[in-house]
Amino acid sequence: MMGATFAENLLIGLQTAVSLENLLYCLIGVTVGTFVGVIPGIGSLAAMSMLFPITLYLDPTTAVIMLAGIWYGSTYGGSTASILLNLPGTPANAVACLDGYPMAQQGRAGVALLMTSVASFFGASIGISLMLVFTEPLARVAVSFGSPEYFSLLVLGLIAAGVISEGSPLKGIGMIILGVLIGGAGLDIYSGQQRFTFGLLELMDGVSLVALAMGLFGVSEVIASVRANNAHVLKHKITLRSMLPRPNELRRSWLPMFRGSGIGAFVGIMPGVGPTVAAFMSYSLERKVSSQPEKFGHGAIEGVTAPESANSSADMTSFIPTMAMGVPGSATMALILGVLMMHGITPGPNLITERPEMFWGLVVSFWIGNVLLLVLNIPMIGLWVRILHIPYHLLYPVVISFICIGVYTVSSSYVDVVLVGVFGLLGYVMRVLGFPAAPLLLGFVLGPMLEEHFRRAMIISRGDFGIFFTRPISLAFLSVAATFILWVCIKSIRARLRASPAGAQPAPKAD
Amino acid sequence: MPTWDVREFCAGLLLIALGGFFAGYAAMNLRLGTVASMGPGMAPAVLGSVLVVIGLVMSTAAVFRAGSGVSFDRRVTLVVLASILAFAFLISIAGLVPAVVAQVLIVSRADAKLSLSVALLLAGALSVSVLGIFKYGLGVPLTVIVWPW
């Protein structure tokens, strides 16, 4: 028999997910995630990096449950800051500012907060259903992948992440290459030679993922935020009754939530793009199909609910390529992949069949986590709002301490702590110069895989590069990657052409 | 108002420096091999060279373009890095508590709003909670404090 039936799998998942330990760490994860999401300036990636060391003492399934909880939890909490302060708590919630903040100014902050939580739950549920249905068939397709196909898929994922990231695509690609270079440090598998270890014993296993992530995301964020002006003015009073929406607002929200979830599900599966892109695309779509587009930007409820459904749905479906094929599509997924690898588990198409309790348990716990989030966010809104009052100058020493201690507990090596400092400096310099950090992490995690598959493919083909192009699936992946590069080049050429005649003619109408 | 794009120029410089470092180190210390049977140095050399090229493109384009300057907070960067290095130095020879205290005291100098007494209080509270979570809660091997006698 190929595998257990769907119902049997769900049962395994349920049994795993409701174990006391998994429930506890799910709760911890989503709570930390909401907390991190509410506070603008601390990203979910930084929080996940900081709790990474704790996960090493946990069962791998539990570890992923907690980290995932932080991640999708932060998207829930992020909309709070967007609506109340016009400051996105996470990049995926930036769109919520556009109509959420005007709603708050009209005294309807409670409604916006409630509807975003409902919309997020809706989107997540749809994303989870898709996970349940599509991951296994995708895994079965992926089993037939060989090294050439994996190499091309990784190239596609990296190029997509590089060109779609914030900032110029050239910088994105540069960061991916840098990540791959840093990932190459350590013992070379084929020759046994030490690369870039500088004689340090501690670097023989490569640069620590924890040190890299914590330094790049955590330390650099602190350095950038310490002196930033953090005076937040909060003037809205939120009561439970003020959160109830008007009936016609509820009616107007159903379809946008469906559409948003659909966009999010599709965008989430693709490598390189994630919740942020999904939210923006959903907002544009709603504005185009709305019968009252002029309302957008002034408190249209669809402008708030659709993007939130989109980003939550994308959160869930992002797990599909990672779980089914072992190829992460974003920096967050790369971190989760890193956690699994540190536990000795190599995610791939066989994960579902070899460790069904991990995959199905994860999916069920996602749903439980979303329910928990709904409960956390609605009644406890007042609490989260009050947290926004904590002065940053009390917070940042704690953050740096946790980073140092966390990284030290992983390896008991002071070298890793120094590395955190080094990467913190690099991360801050990158921020100042406009380089995106996520592609670097992605390149770092995927680089060794990339090199391994490339060399293996070369061995199979005896040095013939054509193997990547003669095998159809590999060719398909590479073609899509080439299309991305072409599209980006065309976009930049067009932008350059539009900019130059602008001085001679009167300013063109914005489209 | 700078007449050329300082930020992009420095960005390109960073890539040239990093790429050059990787490519140079690989070429000098590692075997490159051929394309058919690649040595450990091939990937870093090639990738590093690509990085240098990208950096050159960026920097040259930046010279001909007006742009914004760069703002770099030197004091905060130095203070945070110093606090991390202090932790790294002290943790193995002096134990957890001195490392945390030193680190918090140093990093508190980054923002004038944090007075020394509050920082000391924070350091104390942090040491206690960290010990609770990591050493006693999770069972991580950590030396609390190393007595010099």
Problem set entry | Lone unmet requirement of (1) open to solvent by less than 60 Å² (accessible area, probe 1.4 Å); (2) facing another protein chain (nearest Cβ under 9 Å) for B:M42 | (2)
Problem set entry | Filtered residue count, the range A:352-366, keeping only those that are open to solvent by 10 Å² or more (accessible area, probe 1.4 Å) and under 14 Å from A:L67 (Cβ atoms) | 0
Problem set entry | Scope the range A:275-306; condition crowded, with 24+ Cβ neighbours inside 10 Å, within 20 Å of A:G329 (Cβ to Cβ) and out of contact with any Gly (no Cβ under 6 Å at 6 or more places or on another chain); matching residues | A:P275, A:T276, A:A279
Exercise. Is at least one residue of the range B:63-74 at the interface with chain A (Cβ under 7 Å from one of its Cβ atoms), in a helix (DSSP H, G or I) and modelled with pLDDT of 80 or more?
Worked result: no
Problem set entry | Those residues of the range A:241-274 which are of a type in the set (D, E, K, R) and open to solvent by 20 Å² or more (accessible area, probe 1.4 Å), in sequence order | A:R241, A:R246, A:R251, A:R252, A:R259
Problem set entry | Candidates A:S147, A:S152, A:S191, A:S208, filtered to the one that is hydroxyl-bearing (S, T, Y) and in contact with a Pro (Cβ under 9 Å, 6 or more places away or on another chain) | A:S191
Seminar exercise, completed: Condition set facing chain A (nearest Cβ under 7 Å) and buried (at least 18 other Cβ atoms within 10 Å of the Cβ), scope the range B:12-39, selection nearest to A:Q194 (Cα to Cα): answer is B:L30
Exercise. Is there any pair with a first residue in the range A:117-146 that is closer than 28 Å to A:S74 by Cα and a second that is of a type in the set (D, E) and open to solvent by less than 60 Å² (accessible area, probe 1.4 Å) whose Cβ atoms are under 6 Å apart and which are 6 or more apart or on different chains, and what are they?
Worked result: A:A119/A:E308; A:S120/A:E308
Problem set entry | Single residue of the range B:94-104 satisfying the filter (more than 9 Å from chain A (Cβ to nearest Cβ), in a helix (DSSP H, G or I) and touching a residue at least 24 places away in the same chain (Cβ under 8 Å)) that is least open to solvent (accessible area, probe 1.4 Å) | B:A94
Seminar exercise, completed: Over the range A:97-145, the set of residues surrounded by fewer than 21 Cβ atoms within 10 Å (Cβ to Cβ) and of a type in the set (G, A, S) is A:G107, A:S125, A:S129, A:A142, A:S144
Problem set entry | The lone exception for A:Y57 - which of (1) touching a Gly at 6+ places or on another chain (Cβ under 9 Å); (2) outside any loop (DSSP other than H, G, I, E, B); (3) surrounded by fewer than 24 Cβ atoms within 10 Å (Cβ to Cβ) it fails | (2)
For this session: List the number of the failed condition for B:V6; all other conditions in (1) β-branched (V, I, T); (2) free of Cβ contacts under 8 Å to residues at least 60 places away in the same chain; (3) open to solvent by less than 80 Å² (accessible area, probe 1.4 Å) hold.
Result: (2)
Seminar exercise, completed: Only one of (1) open to solvent by 50 Å² or more (accessible area, probe 1.4 Å); (2) without any contact (Cβ under 8 Å) to a residue 40 or more places away in the chain does not apply to B:L122, and that is (1)
Problem set entry | Matching entry among A:F151, A:F196 (being open to solvent by less than 50 Å² (accessible area, probe 1.4 Å), facing another protein chain (nearest Cβ under 10 Å) and of a type in the set (F, W, Y)) | A:F196
For this session: Mind listing whichever residues of the range A:389-428 are closer than 30 Å to A:L156 by Cβ and either facing chain B (nearest Cβ under 7 Å) or of a type in the set (F, W, Y) (or both)?
Result: A:F423
For this session: Could you check how many residues of the range A:204-224 are surrounded by fewer than 21 Cβ atoms within 10 Å (Cβ to Cβ) and under 17 Å from A:V417 (Cα atoms)?
Result: 3
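Of all residues in the range B:51-69, which are open to solvent by less than 40 Å² (accessible area, probe 1.4 Å) and more than 20 Å from A:L440 (Cα to Cα)?
So the first thing to find is which residues in the range B:51-69 are open to solvent by less than 40 Å² (accessible area, probe 1.4 Å), and the list is B:51-52, B:54-55, B:58-59, B:62, B:67.
Passing the criteria: B:S59, B:A62, B:G67.
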For this session: Would you mind finding the one in A:L425, A:L486, A:L442 that is at pLDDT 85 or above and crowded, with 16+ Cβ neighbours inside 10 Å?
Result: A:L425
Seminar exercise, completed: Residues of the range A:66-91 being open to solvent by 10 Å² or more (accessible area, probe 1.4 Å) and of a type outside the set (S, T, Y), in sequence order, are A:W71, A:L85, A:N86, A:L87, A:P88, A:P91
Exercise. Do any helices (runs of 4 or more DSSP H) entirely within the range A:100-203 hold 2 or more residues that are at pLDDT 80 or above and more than 30 Å from A:F469 (Cα to Cα), and if so, which?
Worked result: A:109-142
Problem set entry | So A:F35, is it part of a helix (DSSP H, G or I) and open to solvent by less than 10 Å² (accessible area, probe 1.4 Å) | no
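The values are calculated or read from the model by the stated rules, or taken from the named source; none is laboratory data. Please read these numbers as outputs of a predicted model, since none were measured by experiment. Cβ sites come from the backbone with ideal geometry, for glycine too, and all protein chains shown count toward neighbours. Please note that ligands, DNA and RNA were not included when accessible areas were found on the heavy atoms of the full protein model with its side chains. Shrake-Rupley method; radii C 1.70, N 1.55, O 1.52, S 1.80 Å.
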